[in-house]
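Peer 1: Okay, here's the structure, questions in a sec.
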Amino acid sequence: MSQIYGLSPVLEALRAKRRTIHKILIAAGSNPARLNELTDAARSAGISVEKRERRALDELTRNANHQGVVALVAEAHKSSRNDTGRSATGRSPSGKGASGYVEAEKILDSLGEPPFLVLLDGIEDPHNLGAILRSCEGAGVDGVFIPEHRAAGLNETVAKTSAGAVEYVRVARVTNLVRLIEELKERGIWVVGVEGGTEVSYNEFDFNVPLALVMGSEGKGVRRLVREKCDAMVSIPMRGQVNSLNVSVATGVVLFEVLRQRKVGQRREL
């Protein structure tokens, strides 16, 4: 049994109806008025709400900031790991796992116009992943792809940090980012990596194209093999003594530059 904790993440999980929620636990003594919307939503969904001592919730979440609310949810389904003779996307057995993962092909076959995707090359900190997903949801990204190995997955920390955005962003796990990039190119999607030290500034690049942004890991950035497959690399100019931004901050900066450019482009077409 897995868990989601925090008022907003649990409430958004109830609204989104993408996860199987078995039970919701609330801390005894919590302000009932503050939880009215949550308990009403749980009642409408036929999910039981039980009171527990706050200490019990502390132990269950390992002293995380649960805000007196914990939802017990079904365990994640893992993607198939067959790495030969298949698409790079890899597929979960049921198409949409209980954890919120979506089949990669389902994302690719239902893209917006123009497409807007994000590829995360080995983000290991779940707090960074949660913050990135929150920005992706706000920017209207069509889907996010993360590696199956050596990267953070969709867990309770990600759900809490994303403030519930994880319930709405379509996230797929893939076995091989390099092959995924090749597949994206076959679909006419430009793949643009973001990394410090490149000659092209992010706000000089024309993002009015079918787009997949690649963000590298916290320590190593974009891996060499992935970088070599990108159509272009851009960077965020720095003016201070520190030469880089946190990856979640950098992702937000570039995502909303894409939105700004596309909005300007739409005005020009009118």
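Peer 1: Which of the residues that make up region 169-196 are acidic (Asp, Glu) and farther than 18 Å from Val258 by Cβ? I'd like the intermediate steps shown before the answer.
Peer 2: Of region 169-196, the ones acidic (Asp, Glu) are 182-183, 186, 195.
Correct list: Glu182, Glu183, Glu186.
Peer 1: Next up: Which pairs have Cβ atoms under 9 Å, sit 6 or more apart or on different chains, and link a residue in region 138-162 that is under 22 Å from Pro210 (Cβ atoms) to one that is assigned to a loop (DSSP other than H, G, I, E, B) and among the charged types (D, E, K, R)?
Peer 2: Val141/Arg170; Asp142/Arg170; Gly143/Arg170; Val144/Arg170
Peer 1: Now for a different question. In region 1-60, what residues are surrounded by fewer than 12 Cβ atoms within 10 Å (Cβ to Cβ), among the aliphatic types (A, V, I, L, M) and over 27 Å from Gly153 (Cβ atoms)?
Peer 2: Scanning region 1-60 gives a single hit, Ala33.
Peer 1: Turning to a different aspect of this structure: What number goes with the only condition from (1) surrounded by fewer than 18 Cβ atoms within 10 Å (Cβ to Cβ); (2) within 21 Å of the chain's Cα centre (by Cα) that Gly221 does not pass?
Peer 2: Against the list (1) surrounded by fewer than 18 Cβ atoms within 10 Å (Cβ to Cβ); (2) within 21 Å of the chain's Cα centre (by Cα), Gly221 comes up short only on (1).
Peer 1: Restricting to region 188-199, name every residue that is at pLDDT 95 or above and not in a strand (DSSP E or B). Before the answer, list the steps.
Peer 2: Pass one, region 188-199, residues at pLDDT 95 or above: 188-194.
Matches in region 188-199: Gly188, Ile189.
Peer 1: Please go through region 107-135 and give me each residue that is within 16 Å of Ile189 (Cα to Cα) and not aliphatic (A, V, I, L, M), ordered by number.
Peer 2: Asp109, Ser110, Gly112, Glu113, Pro114, Pro115, Phe116
Peer 1: Taking the condition crowded, with 17+ Cβ neighbours inside 10 Å and modelled with pLDDT of 90 or more, does Val258 pass?
Peer 2: Values: crowded, with 17+ Cβ neighbours inside 10 Å: yes; modelled with pLDDT of 90 or more: yes.
In short, yes.
Peer 1: Now for a different question. Kindly provide the set of residues from region 7-41 that are among the aliphatic types (A, V, I, L, M), in a strand (DSSP E or B) and either under 21 Å from Arg55 (Cα atoms) or under 18 Å from the mean Cα position of the chain (by Cα) (or both), ordered by number.
Peer 2: Just the residues of region 7-41 that are among the aliphatic types (A, V, I, L, M), to begin with: 7, 10-11, 13-14, 16, 21, 24-28, 33, 35, 38, 41.
With the extra rule that they be in a strand (DSSP E or B), the set shrinks to 21, 24-27.
Residues satisfying the conditions are Ile24, Leu25, Ile26, Ala27.
Peer 1: Collect the residues in region 104-133 that are part of a helix (DSSP H, G or I), out of contact with any helix residue (DSSP H, G or I) (no Cβ under 6 Å at 6 or more places or on another chain) and surrounded by 24 or more Cβ atoms within 10 Å (Cβ to Cβ), keeping them in residue-number order. Let's see the steps before the verdict.
Peer 2: First, the residues of region 104-133 that are part of a helix (DSSP H, G or I): 104-108, 126-133.
Within this subset, residues satisfying the condition of being out of contact with any helix residue (DSSP H, G or I) (no Cβ under 6 Å at 6 or more places or on another chain) are 104-108.
The answer is Ala104, and nothing else.
Peer 1: I would also like to ask the following. Is one or more of the residues making up region 140-151 among the hydrophobic types (A, V, I, L, M, F, W, C) and modelled with pLDDT under 95? First the steps, then the outcome.
Peer 2: If we filter region 140-151 for residues that are among the hydrophobic types (A, V, I, L, M, F, W, C), which is where we start, we get 141, 144-146, 151.
Restricting the remaining residues to those that are modelled with pLDDT under 95 gives 151.
Yes, some residue in region 140-151 is among the hydrophobic types (A, V, I, L, M, F, W, C) and modelled with pLDDT under 95.
The values are calculated or read from the model by the stated rules, or taken from the named source; none is laboratory data. Please read all numbers here as calculations on a predicted model, not as lab measurements. For neighbour counting, all protein chains shown are included, and Cβ atoms are generated from backbone atoms with ideal geometry for every residue, glycine included.
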